[in-house]
Amino acid sequence: MNSTTTSITNHQVRLAKRPEGTPKRDDWSFTSESVQQPADGGVLVQTLSLSLDPAMRGWMNEGKSYIPPVELGAVMRAGGIGRVVASRNAAFAVGDMVYGTLGVQEYCLVAQEDIKRSGLTRVDLRAGTIGQWLNVLGMPGMTAYFGLMDVGLPKAGETVVVSGAAGAVGQTVGQLAKIKGCRVVGIAGGQAKCDWVVKELGFDACIDYKAGPAAVREGLKAHCPQGVDIYFDNVGGDILDAVLARLARGARIIICGAISQYNNTTPVQGPKNYLSLLVNRARMQGIVVFDYADRYHLAAAEMAGYLKDGRMKSREDVVEGGVAAFPEALLKLFTGENFGKLVLKVAD
């Protein structure tokens, strides 16, 4: 790529309007433009795989949050792994594999002033695969690590419950808690996912929330007879309320996500059993992974070691079809159809 404007076309997915409820295909626009060469200090990255995450649903909404919403007409925000194909920045060489906020597009041109904001960093595929760098070694893994370790403060012998146990964050939370000497109970949808987290990931038990209206309440009673010391919440709603009713004295609840609520068209209702926090002298705290950016490398190095020695596993659900498949692929998160970390493959 030596010319100012190449003959390569960049296909993109942009937010056309704010979704009402579950996002639909006509909430997106599909655009294309010529790929430009980077200016001084800039980098051009070819997107290989994108991370599809529940947080994306919140980014589509207008209003104040921990991160500004995606603007109408803008390329949809997404983290991804790519390959540097042109560089005028000494920190990045052509051929380097990188992680960053690449967006739902085939090529991402990162100006020098945007490199830090986009989180563009080199990744070492000797430490993990592309899928693992979007999972255990990427944002989901960092969320799991700092949520559990810094907010949850686990102690050996404590009982940890994690919802969304077969998802990207949940699978890492449970495995890390086991490594730290805790007893781990997962909550997941369907027998196949429950079997996987117990038999493959080593959880002590898993509750199938789809098994009936009383499944979670009865499962917690059976598997957490002494109460729940740490709850890592990825779903909110009725499951959060059920866990609040089983807290142990001094429990810590990590609020990571509320996927059961993201597509609601009515205001989200808070937990009904919140007074359990008072009775049990418990603490509920949110986790936003970007707060820990200066320590990502430490957590990634630790968990890469666990992957290498077999104490931790990483499962990805990879969707083929490139950026055109994005709208339908994203919906797998909200139906629970994905099994493992959801990844959209864009190129080889």
Exercise. Which residues, taken from the range 191-234, are open to solvent by 20 Å² or more (accessible area, probe 1.4 Å) and either touching a Leu at 6+ places or on another chain (Cβ under 9 Å) or β-branched (Val, Ile, Thr) (or both)?
Worked result: Val198, Asp229
Exercise. If you go through the range 239-262 one residue at a time, how many are in a loop (DSSP other than H, G, I, E, B) and β-branched (Val, Ile, Thr)?
Worked result: 1
For this session: Look through Ala39, Ala55 and report the one residue that is touching a helix residue (DSSP H, G or I) at 6+ places or on another chain (Cβ under 8 Å), in contact (Cβ under 8 Å) with a residue 60 or more places away in the chain and small (Gly, Ala, Ser).
Result: Ala39
For this session: Report yes if some residue within the range 153-164 is buried (at least 24 other Cβ atoms within 10 Å of the Cβ), touching a residue at least 60 places away in the same chain (Cβ under 8 Å) and in a loop (DSSP other than H, G, I, E, B); otherwise report no.
Result: yes
Seminar exercise, completed: Reported set for the range 86-113 where residues are among the small types (Gly, Ala, Ser), modelled with pLDDT of 95 or more and in a strand (DSSP E or B) is Ala86, Ser87
Problem set entry | Unique residue being on the phi < 0 side of the Ramachandran plot and at pLDDT below 95 when the list is Arg83, Arg14, Arg57 | Arg57
Seminar exercise, completed: Taking first residues from the range 76-93 that are without any contact (Cβ under 8 Å) to a residue 60 or more places away in the chain and second residues anywhere that are basic (Lys, Arg) and in a strand (DSSP E or B), the pairs with Cβ under 8 Å that are 6 or more apart or on different chains are Phe92/Arg122
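Conditions tested, residue by residue: (1) open to solvent by less than 70 Å² (accessible area, probe 1.4 Å); (2) more than 30 Å from Tyr107 (Cβ to Cβ); (3) out of contact with any Lys or Arg (no Cβ under 8 Å at 6 or more places or on another chain).
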position: Ile239; (1), (2), (3): yes, yes, yes
position: Ile254; (1), (2), (3): yes, yes, yes
position: Tyr274; (1), (2), (3): no, yes, yes
position: Tyr296; (1), (2), (3): yes, no, yes
position: Tyr306; (1), (2), (3): yes, yes, yes
position: Asp317; (1), (2), (3): yes, no, no
Exercise. Of all residues in the range 169-190, which are in a loop (DSSP other than H, G, I, E, B) and either among the hydrophobic types (A, V, I, L, M, F, W, C) or open to solvent by 30 Å² or more (accessible area, probe 1.4 Å) (or both)?
Worked result: Lys180, Gly181, Cys182
Exercise. Can we say Leu148 is of a type in the set (A, V, I, L, M), open to solvent by less than 20 Å² (accessible area, probe 1.4 Å), within 26 Å of Lys180 (Cα to Cα) and part of a helix (DSSP H, G or I)?
Worked result: yes
For this session: Considering each residue of the range 221-238, count those that are more than 17 Å from Gly170 (Cα to Cα) and either touching a strand residue (DSSP E or B) at 6+ places or on another chain (Cβ under 7 Å) or not in a helix (DSSP H, G or I) (or both), and give that number.
Result: 5
For this session: Starting from the range 309-325, keep only residues that are touching a residue at least 40 places away in the same chain (Cβ under 8 Å), then list their pairs with residues that are hydroxyl-bearing (Ser, Thr, Tyr) and part of a helix (DSSP H, G or I) whose Cβ atoms are within a distance under 7 Å, requiring at least 6 positions of separation or different chains.
Result: Met312/Tyr306
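The values are calculated or read from the model by the stated rules, or taken from the named source; none is laboratory data. Just so you know, these numbers come straight off a predicted model, no measurement behind them. Positions of Cβ are generated from backbone atoms using ideal geometry, with glycine treated the same way; all protein chains shown enter the neighbour counts. Calculation scope for accessible area: heavy atoms of the full protein, side chains included, ligands and nucleic acids excluded. Shrake-Rupley method; radii C 1.70, N 1.55, O 1.52, S 1.80 Å.
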